[in-house]
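Notes to accompany the following structure.
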């Protein structure tokens with residue numbers, strides 16, 4: 001059995017897509033059993049446990065030691081779990097979880113450890129101060145370095161992330177696989193997605209609708225996005241913008257500048273694909289930072305699956321190059337003129353959906369997933 005370890009992560013659409021769905025997919029690939037072990041905040045523990053168990057009934061959900069400053073103490077919880085379950089290996093999500101897993105290998109509780117790297121952790125904590133604690137931020141770089149150097153295998157979300165490892169840490173191993181943030185399995189079963197009613201949102205057939213789905217956290221670069229949208233809305237009167245986001249003063253200000261042309265809705269994750277499907281272009285606009293240069297934003301694949309070509313800025317993980325190579329949208333440079341936008345044709349919608357399924361379904365990365373299982377799992381019998 002292989003444990004898939006997460007630490008201090010709350011239930012969300014990303015957690016379902018990138019953790020519980022991945023565990024389920026790994027279990028579909030062969031004889032190796034993979035079990036999720038989620039160490040979560042004691043705050044609202046029962047609610048969190050219930051949510052995770054709904055998506056992963058066999059998951060083991062345990063309360064972690066309170067406060068991030070004492071994160072290392074969670075190795076004792078992991079040690080007890082390993083002694084009870086006897087896993088052959090641990091796939092650990094992030095550097096803190098990997099540090100704990102390496103301690104289990106040192107003690108002989110597991111044979112192999114995998115580092116599931118979702119981004120450039122030290123750079124992200126330094127650039128965006130994930131916590132306002134200098135001492136904790138200072139711990140991330142050495143912990144990430146150890147995870148890279150001592151893990152038996154690594155999973156990177158982009159080739160740009162591997163390049164970052166080489167530059168910052170002198171990483172020289174070839175024992176890694178690259179799997180971008182993939183689509184959730186229920187969504188990726190086919191390309192025949194439901195469509196919402198344009199009229200119910202006050203949209204006309206001639207409107208060219210740009211979609212923005214997700215968080216507007218610091219690294220989402222709303223200042224840059226707002227400037228771009230202001231330019232487009234000022235010069236192209238048929239363009240409207242649909243934000244599938246929570247309320248925010250930046251969106252409110254943009255809506256006041258362009259009355260009737262900036263819409264905002266916050267809906268359940270299950271309703272997002274139908275709303276995206278009535279739009280024409282997806283927006284993925286971020287500032288040039290290390291965090292964004294190595295990123296694999298889940299919304300990129302979701303836009304494509306909804307049939308939307310993507311308006312993307314340069315230097316976003318592997319995706320800016322993908323857009324240019326596959327003619328999957330518009331890649332905007334820092335001083336590029338905004339092109340005249342058009343409604344997206346049905347033929348383009350179909351091609352975007354095909355690209356999504358070809359490159360971002362979990363099944364399209366089975367070779368990488370099997371390699372992970374081959375390293376972390378019990379050797380197959382002859």
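Table for the structure above
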{"read-out": "Qualifying positions in the range 153-168 - surrounded by 19 or more Cβ atoms within 10 Å (Cβ to Cβ), part of a helix (DSSP H, G or I) and more than 17 Å from the chain's Cα centre (by Cα)", "value": "164, 165"}
{"read-out": "Scan of the range 126-152 for residues that are surrounded by 21 or more Cβ atoms within 10 Å (Cβ to Cβ) and not in a helix (DSSP H, G or I), ordered by number", "value": "151"}
{"read-out": "Residues of the range 1-49 that turn out to be within 20 Å of residue 374 (Cβ to Cβ) and touching a residue at least 24 places away in the same chain (Cβ under 8 Å), as a count", "value": "18"}
{"read-out": "Matching option when the condition is more than 26 Å from residue 292 (Cβ to Cβ) and at pLDDT below 95, among 111, 189", "value": "189"}
{"read-out": "Selection within the range 1-36 - under 14 Å from the mean Cα position of the chain (by Cα) and surrounded by fewer than 22 Cβ atoms within 10 Å (Cβ to Cβ)", "value": "9, 10, 11, 12, 13, 14, 15, 16, 21"}
{"read-out": "Unique residue being modelled with pLDDT of 90 or more and touching a helix residue (DSSP H, G or I) at 6+ places or on another chain (Cβ under 9 Å) when the list is 243, 222", "value": "243"}
{"read-out": "Number of the exception - residue 123 against (1) outside any loop (DSSP other than H, G, I, E, B); (2) over 20 Å from the mean Cα position of the chain (by Cα)", "value": "(2)"}
{"read-out": "Residue 114 being in contact with a strand residue (DSSP E or B) (Cβ under 9 Å, 6 or more places away or on another chain), outside any helix (DSSP H, G or I) and within 20 Å of residue 159 (Cα to Cα)", "value": "yes"}
{"read-out": "Test: residue 79 is free of Cβ contacts under 8 Å to residues at least 60 places away in the same chain, within 21 Å of the chain's Cα centre (by Cα) and assigned by TED's automatic domain parsing to the domain that holds residue 9", "value": "no"}
{"read-out": "Residues of the range 274-291 satisfying the condition of being in contact (Cβ under 8 Å) with a residue 60 or more places away in the chain and farther than 19 Å from residue 262 by Cα", "value": "286, 287, 289, 290, 291"}
{"read-out": "Verdict on residue 340 being under 22 Å from residue 272 (Cα atoms) and in contact with a helix residue (DSSP H, G or I) (Cβ under 9 Å, 6 or more places away or on another chain)", "value": "no"}
{"read-out": "Filtered residue count, the range 325-342, keeping only those that are surrounded by 14 or more Cβ atoms within 10 Å (Cβ to Cβ), over 23 Å from the mean Cα position of the chain (by Cα) and at pLDDT 95 or above", "value": "1"}
{"read-out": "Only listed residue being assigned to a strand (DSSP E or B) and either surrounded by fewer than 19 Cβ atoms within 10 Å (Cβ to Cβ) or touching a helix residue (DSSP H, G or I) at 6+ places or on another chain (Cβ under 8 Å) (or both), chosen from 210, 229, 203, 254", "value": "210"}
{"read-out": "Some residue of the range 336-349 being touching a residue at least 12 places away in the same chain (Cβ under 8 Å), assigned by TED's automatic domain parsing to the domain that holds residue 204, under 18 Å from residue 180 (Cα atoms) and touching a strand residue (DSSP E or B) at 6+ places or on another chain (Cβ under 9 Å)", "value": "no"}
{"read-out": "Count of residues meeting criterion [crowded, with 17+ Cβ neighbours inside 10 Å and in a helix (DSSP H, G or I)] in the range 352-364", "value": "9"}
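Conditions (1) touching a helix residue (DSSP H, G or I) at 6+ places or on another chain (Cβ under 7 Å); (2) buried (at least 22 other Cβ atoms within 10 Å of the Cβ); (3) not assigned by TED's automatic domain parsing to the domain that holds residue 228, marked per residue:
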| position | (1), (2), (3) |
| --- | --- |
| 296 | no, yes, no |
| 308 | yes, yes, no |
| 315 | yes, no, no |
| 321 | no, no, no |
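The values are calculated or read from the model by the stated rules, or taken from the named source; none is laboratory data. All of these numbers come straight from a predicted model, not from anything done at the bench. So basically every Cβ, Gly included, is an ideal-geometry build from the backbone, and we count neighbours across all protein chains shown.
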